[in-house]
Amino acid sequence: MKNLRLAGQAPGRDRSVVEVAGVRIGEGLVVMAGPCAVENEDQIIRTAVAVKEAGAAMLRGGAFKPRTSPYAFQGLGLKGLKLLDKARRETGLPIVTEVIDTRDVSWVGEYADILQIGARNMQNFSLLREAGKAGKPVLLKRGMHATFEEWLNCAEYILAEGNGQVILCERGIRTFETYTRNTLDLSMIPAVRAASHLPIIVDPSHGTGILGMVEPMSLAAVAAGVDGLEIEVHCDPSSALSDKDQQLDPLAFARLMDKLRRLRAFMEELEAEDASAGGGADGAELGATGAAGAADALAAADAPARAGAGAA
Ligand code: PEP
Ligand code: MN
């Protein structure tokens with residue numbers, strides 16, 4: 001891919017790890033969980049305690065919500081950030097929260113451990129540049145109409161400002177399919193692993209918009225080699241002020257976390273087997289078992305040939 005001077009992978013280069021308050025994203029599986037939006041103190045504290053108990057490593061929650069309608073709940077703004085800070089102090093969980101306006105980047109960065117740039121703002125180049133100067137890790141979600149190359153170029157904007165702490169997040173794209181809220185493109189996991197050194201996480205909540213799909217898509221992402229997940233969890237989803245149909249309750253989240261841990265351990269066993277069989281360095285020998293190896297194989301493949309294969 002052209003011009004990915006900083007985001008692109010180079011032969012022999014290690015994959016990047018973004019460290020946030022002791023959490024290492026790009027190593028193992030990091031789960032960020034919490035409500036779509038911060039609504040009140042009781043809701044965010046109860047949810048934060050529940051996701052922490054279930055094993056989440058970070059708390060998510062929006063204080064600034066990019067909503068389709070101007071009349072829908074827009075988030076609590078500064079009050080929401082203060083409540084997130086309280087939840088962080090009570091649970092020790094670092095916080096990921098969205099920033100939607102260039103004017104807010106520096107002060108939101110005083111509360112956030114990771115600044116999230118949402119799908120709707122992926123190509124807001126001024127926001128990307130501001131986030132690049134903020135000195136905070138940035139979670140860059142894929143725009144719902146963005147190609148792989150456009151998305152990685154947006155990461156490049158942040159990196160070009162001197163901020164190397166970028167995490168990519170696949171959250172589904174718009175296709176002709178309307179049954180799901182978005183079409184979750186899990187093929188981006190091996191694609192990112194092949195083309196870039198940046199960590200890649202998946203958001204199965206916005207990616208599907210359907211409660212019963214959050215678990216299978218999370219497990220599928222782990223099987224495909226994802227570095228982390230961002231999952232919406234609410235202490236009482238039926239009362240949520242936004243995205244009530246896709247937020248897991250604490251019990252469902254705890255069950256999912258248990259399955260994720262077991263699947264991840266199994267994947268590590270497979271990867272260790274591949275490595276001891278000597279396949280680690282040469283992905284082409286790995287077959288379908290090792291997600292990391294499969295990505296290596298993809299990187300080694302002839303890129304123009306791949307592009308050609310797509311042309312009908
Ligand atoms: C979110 O994570 O709160 C969100 C709005 O997601 P997206 O930008 O992917 O729609
Ligand atoms: Mn949401």
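Restricting to region 224-248, name every residue that is acidic (Asp, Glu) and either away from ligand 2 (no atom under 15 Å from the Cβ) or at pLDDT below 95 (or both). Don't jump to the end; show me each part of the working.
Let us first name the residues in region 224-248 that are acidic (Asp, Glu), namely 227, 230, 232, 236, 243, 245.
Asp227, Asp236 - these are the residues of region 224-248 that are acidic (Asp, Glu) and either away from ligand 2 (no atom under 15 Å from the Cβ) or at pLDDT below 95 (or both).
Can you work out which of the residues in region 68-97 that are small (Gly, Ala, Ser) and in a helix (DSSP H, G or I) is surrounded by the most Cβ atoms within 10 Å (Cβ to Cβ)?
We begin by selecting, within region 68-97, every residue small (Gly, Ala, Ser); these are 69, 72, 75, 77, 80, 87, 92.
Those left that are additionally in a helix (DSSP H, G or I): 80, 87.
Working: Gly80: 22, Ala87: 26.
So, considering only residues that are small (Gly, Ala, Ser) and in a helix (DSSP H, G or I), the one surrounded by the most Cβ atoms within 10 Å (Cβ to Cβ) is Ala87.
Residue by residue, here is whether (1) within 16 Å of ligand 2 (Cβ to nearest atom); (2) of a type in the set (Lys, Arg); (3) modelled with pLDDT of 95 or more; (4) closer than 17 Å to Gly8 by Cα holds:
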site	(1), (2), (3), (4)
Glu177	no, no, yes, no
Arg181	yes, yes, yes, no
Pro190	no, no, yes, yes
Pro199	no, no, yes, yes
Pro204	yes, no, yes, no
Thr208	yes, no, yes, no
Ser218	yes, no, yes, no
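Taking region 137-168 only, how many residues are within 16 Å of ligand 2 (Cβ to nearest atom) and within 21 Å of Asp14 (Cβ to Cβ)?
1
Inspect region 125-142 for any residue being over 25 Å from Val226 (Cα atoms), of a type in the set (Val, Ile, Thr) and surrounded by 22 or more Cβ atoms within 10 Å (Cβ to Cβ) and give the result as yes or no.
No, the conditions are met nowhere in region 125-142.
Conditions tested, residue by residue: (1) modelled with pLDDT of 95 or more; (2) within 17 Å of Gln247 (Cβ to Cβ); (3) touching a strand residue (DSSP E or B) at 6+ places or on another chain (Cβ under 8 Å).
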position: Ile44; (1), (2), (3): yes, yes, yes
position: Thr47; (1), (2), (3): yes, yes, yes
position: Arg89; (1), (2), (3): yes, no, no
position: Leu93; (1), (2), (3): yes, no, yes
position: Val96; (1), (2), (3): yes, yes, yes
position: Arg129; (1), (2), (3): yes, no, no
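Yes or no: region 149-158 includes at least one residue that is among the aliphatic types (A, V, I, L, M) and surrounded by fewer than 20 Cβ atoms within 10 Å (Cβ to Cβ). Spell out the reasoning first.
Just the residues of region 149-158 that are among the aliphatic types (A, V, I, L, M), to begin with: 152, 155, 158.
Subsequent filtering for residues that are surrounded by fewer than 20 Cβ atoms within 10 Å (Cβ to Cβ) retains none.
No, region 149-158 has no match at all.
The values are calculated or read from the model by the stated rules, or taken from the named source; none is laboratory data. Computed from a prediction, not measured in an experiment: that's the story for all the values here. Don't worry about glycine lacking a Cβ; one is built from the backbone with ideal geometry, like all the others, and counts go over all protein chains shown.
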